[in-house]
Amino acid sequence: MNAIIGFSDLAQKHVDDPARVKDCLQKIQVSGSYLLKLINNVLDLARIENGKLELHVEAHDLEAAVNHARYIFEADLKKKQLEMTVFCELEDRIVFCDLLKLKQIELNLIGNAIKYTPAGGRIFCQVRQLGREGAYGRYQCVVRDPGIGMSEQFQQHLFAAFERESSGVTTGIEGSGLGLAITKRLVEAMGGTISCESTRGKGTVFTCTFSFAIGTEADLAGEAHRDMRGKRVLLVEDNALNREISRELLEGEGFAVEEAADGDEAVEKLWQEGPGRYDLVLMDIQMPRMDGFTATRQIRKLPDP
């Protein structure tokens, strides 16, 4: 936050110097991304520990999901002069799982491997099917790196929140000590297990195991991307900055966007426009005058079903 405020001030002072402003904006973006990640991690951990974590289980192609990792980290690997090899050995590649949380686990483990591996190293990510029991398959994910490793003492509380090993080698490496704590809780929420083997100076191996219901190609049919061009959405949000960003994102996907600044205005718009005007309403929850829950109840009471 200090960096964001500081570089914002610098940009305003050098508004007539495009190169300086561009440099400040790039640093603000990097700092903002890190701050957002930190806030999301804290909120994720709070939700998990308060029993608010929900799983959204649908059919997904596990092999395709694993292979996406190499594209996501392509820039990071190139920047650190690292190589990553991904292996998939799957008899049943279509499974029912919460793909977003599975990807979060995968990205946390691979991200750590990249972070703690010196230039020139090779990271391995392997996903294989251990077997099949009736309608369920047993799957194992292994992420191996030749990085700096961890001491035996630190490994005893590796998955505790806000824990980071303090040593000369880790000095200057960005991190909050939340990634592995969240990863372990996500793995366990999905009915899996996670373990770690590490030797200081030689590298680290993380191993996760899961049991997933097996699906078919037919189960994937409902996951196709929908074309949103021409669909009209009513965006209900009291924060003007959030509305501006959301509008840009929605219009980029082809939506026609109309806005309402609070629940009262949203209900009035739906009442005046009548049925068929909007394909979708995106409703904020906390708003002045009328909150999102109340507005939704009022909308559902309108004459047209």
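The criterion of at least 1 residues that are of a type in the set (Ser, Thr, Tyr), under 30 Å from Gly111 (Cα atoms) and modelled with pLDDT of 90 or more is met, among strands (runs of 3 or more DSSP E) falling completely within the range 203-305, by 203-214.
Under the condition of being in a helix (DSSP H, G or I) and surrounded by fewer than 18 Cβ atoms within 10 Å (Cβ to Cβ), which residue from the range 79-103 is farthest from the chain's Cα centre (by Cα)?
Going through the range 79-103, the residues in a helix (DSSP H, G or I) turn out to be 79, 99-103.
Right, trim to surrounded by fewer than 18 Cβ atoms within 10 Å (Cβ to Cβ) and you get 79, 100, 103.
Numbers: Lys79: 22, Leu100: 7, Lys103: 8 Å.
Restricting to residues being in a helix (DSSP H, G or I) and surrounded by fewer than 18 Cβ atoms within 10 Å (Cβ to Cβ), the top hit is Lys79.
Tallying residues that are without any contact (Cβ under 8 Å) to a residue 60 or more places away in the chain and either over 30 Å from Leu158 (Cα atoms) or touching a His at 6+ places or on another chain (Cβ under 6 Å) (or both) within the range 202-220 yields 1. One residue is enough: does the range 243-254 have a residue meeting the conditions of a type in the set (S, T, N, Q) and more than 30 Å from Ala64 (Cβ to Cβ)? No, because not a single residue in the range 243-254 is of a type in the set (S, T, N, Q) and more than 30 Å from Ala64 (Cβ to Cβ). Criterion first (open to solvent by less than 40 Å² (accessible area, probe 1.4 Å), of a type in the set (Gly, Ala, Ser) and in contact (Cβ under 8 Å) with a residue 12 or more places away in the chain) does Ala135 satisfy it? Answer is no for this residue. Candidates Val66, Val57, Val42: the one that is surrounded by fewer than 18 Cβ atoms within 10 Å (Cβ to Cβ) and closer than 28 Å to Ile148 by Cβ is Val42.
Taking the range 53-78 as the range and being in a loop (DSSP other than H, G, I, E, B) and at pLDDT 90 or above as the test, only Val57 passes. Among residues of the range 175-200 that are over 22 Å from Arg138 (Cα atoms), those with a Cβ under 7 angstrom from a residue that is small (Gly, Ala, Ser) and open to solvent by less than 40 Å² (accessible area, probe 1.4 Å), sequence gap 6+ or separate chain, pair up as Gly177/Ala161; Leu178/Ala161; Ala181/Ala160; Ala181/Ala161; Ser198/Gly149; Thr199/Gly149; Arg200/Gly149; Arg200/Ser151. If you check Leu82, Leu109 for being among the aliphatic types (A, V, I, L, M) and under 17 Å from Gly192 (Cβ atoms), only one passes: Leu109. Checked against the criterion of being exposed (fewer than 12 other Cβ atoms within 10 Å of the Cβ) and not charged (D, E, K, R), the candidates Ala261, Ala213, Ala218, Ala256 yield just one match: Ala218.
The values are calculated or read from the model by the stated rules, or taken from the named source; none is laboratory data. This one's a predicted model, so the numbers in the text were calculated from it and none came from an experiment. Using ideal geometry, Cβ is built from the backbone for each residue, glycine included, and neighbour counts are taken over all protein chains shown. Protein only, heavy atoms only, side chains kept; ligands, DNA and RNA dropped before computing areas. Shrake-Rupley method; radii C 1.70, N 1.55, O 1.52, S 1.80 Å.
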